[in-house]
Amino acid sequence: MSSRIDLGTLAWELTGWRPDAWRLAEGVTPAGFLRPEIGPLRAKFPGSVQRNLRDAGLLPDWNDGLNSRSAEWVEHRHWCFAATLPAGAVPAGATVELHAETLDHAGWVVVDGRIAGEFCGALGPVTVDLTAALAPSGPHHLALVFDSPPDEEGQ
């Protein structure tokens, strides 16, 4: 049996972390002892980090003059989109795969504080089997953590 969940219908939050600091924060849960540097912010998902930051008033319009310089700090963080899958969203015995048309550049899929999969490579489809991670019933904390882009791809 397979199960389909439209992740776009969930309430998403965005947090920004110094690289790898989220790993120390009890599995990217904001209740951990370590707090994100940015957020949590209500986020549109799917969507880009930059667009969500702009919508929150944290970035200027990067297309205007030299404003792109004011957005360069964004590329030096790990960004986490997180949401809660409600209890009962995953039927018992279901096969569950996270499928995305693309996830840009690289990162991790985290379920309930544990890395359930990784992705790497932009502009291609991504599929991560979450069956084992979502097997116990109950709500699950789902996070997609995006790694910093390679240095040469700054803006």
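The values are calculated or read from the model by the stated rules, or taken from the named source; none is laboratory data. Computed from a predicted model, the values in this text were never measured in an experiment. No Cβ is skipped: glycine too gets one built from the backbone with ideal geometry, and neighbour counts run over all protein chains shown. For accessibility, only protein heavy atoms count, side chains too; no ligands or nucleic acids. Shrake-Rupley method; radii C 1.70, N 1.55, O 1.52, S 1.80 Å.
Solvent-accessible area assigned to carbon and sulfur over the chain amounts to 51 percent, based on a 1.4 Å probe.
For the options Glu13, Glu72, Glu118, a Gaussian network treatment of the chain with springs between C-alpha atoms closer than 10 Å singles out Glu72 as fluctuating the most. Annotation for the range 66-155: chymotrypsin sites (Phe, Trp or Tyr not before Pro) lying in DSSP loop with at most 15 further Cβ atoms inside 10 Å of their Cβ do not exist.
Rounded to the nearest 20 debye, the dipole size of the chain about its Cα centre is 520 debye, using +1 on the Cβ of Lys and Arg and -1 on the Cβ of Asp and Glu. When the helices of the chain are scored as -39500 (n - 2.57) per DSSP H run of n ≥ 4 and the total is divided over every residue, the value at 222 nm lands at -1000 deg cm²/dmol.
Taking 0.36 nm per residue of separation and subtracting the Cα-Cα distance, full extension of the segment from Arg51 to Leu7 would add 14.0 nm. Rounded to the nearest Hz, the phi-derived 3J(HN,Hα) couplings of the range 102-113 under the Karplus curve 6.51 cos²θ - 1.76 cosθ + 1.60 (θ = phi - 60°) are 6, 10, 8, 6, 7, x, 9, 9, 10, 10, 6, x, where x marks glycine and proline.
For Asn63 and Asp151, the difference between the fully extended length at 0.36 nm per residue and the C-alpha to C-alpha distance is 29.6 nm.
Taking every protein chain into account, the accessible area of the chain amounts to 57 square angstrom per residue (probe 1.4 Å). Amide hydrogen proximity for His140: with H placed 1.01 Å from N in the peptide plane, the residues at 5 or more positions away or on another chain lying under 5 Å are Leu85. The phi torsions of the range 42-52, fed into the Karplus equation with coefficients 6.51, -1.76 and 1.60 and a -60° offset, translate into couplings of 4, 10, 8, 9, x, x, 8, 4, 4, 5, 5 Hz, rounded to whole numbers, with Gly and Pro shown as x.
Here Cα extents along the principal axes in Å was calculated from the structure, and among [x] 54, 36, 25; [y] 45, 45, 25; [z] 116, 51, 31 it sits at label [x].
Compute the relative contact order of the chain as a whole-number percentage, counting only Cα pairs closer than 8 Å that sit 6 or more residues apart in sequence. After rounding, I find 26 percent. Taking θ as phi - 60° and the Karplus parameters 6.51, -1.76 and 1.60, the scalar couplings of the range 136-151 work out to x, 6, x, x, 10, 8, 10, 9, 10, 10, 9, 6, 5, x, x, 3 Hz in sequence order, x denoting glycine and proline. Springs join every pair of Cα atoms under 10 Å in this Gaussian network model of the chain, and among Leu59, Leu98, Leu123 the largest mean-square fluctuation is at Leu123. Spin-label pair Thr127-Asp20: with each label point 7 Å from Cα along the Cα-Cβ axis, the two points sit 3.2 nm from one another.
If you plug the beta carbon distance of Arg42 and Cys120 into 1/(1 + (r/R0)^6) with R0 = 25 Å, you get a FRET efficiency near 0.35.
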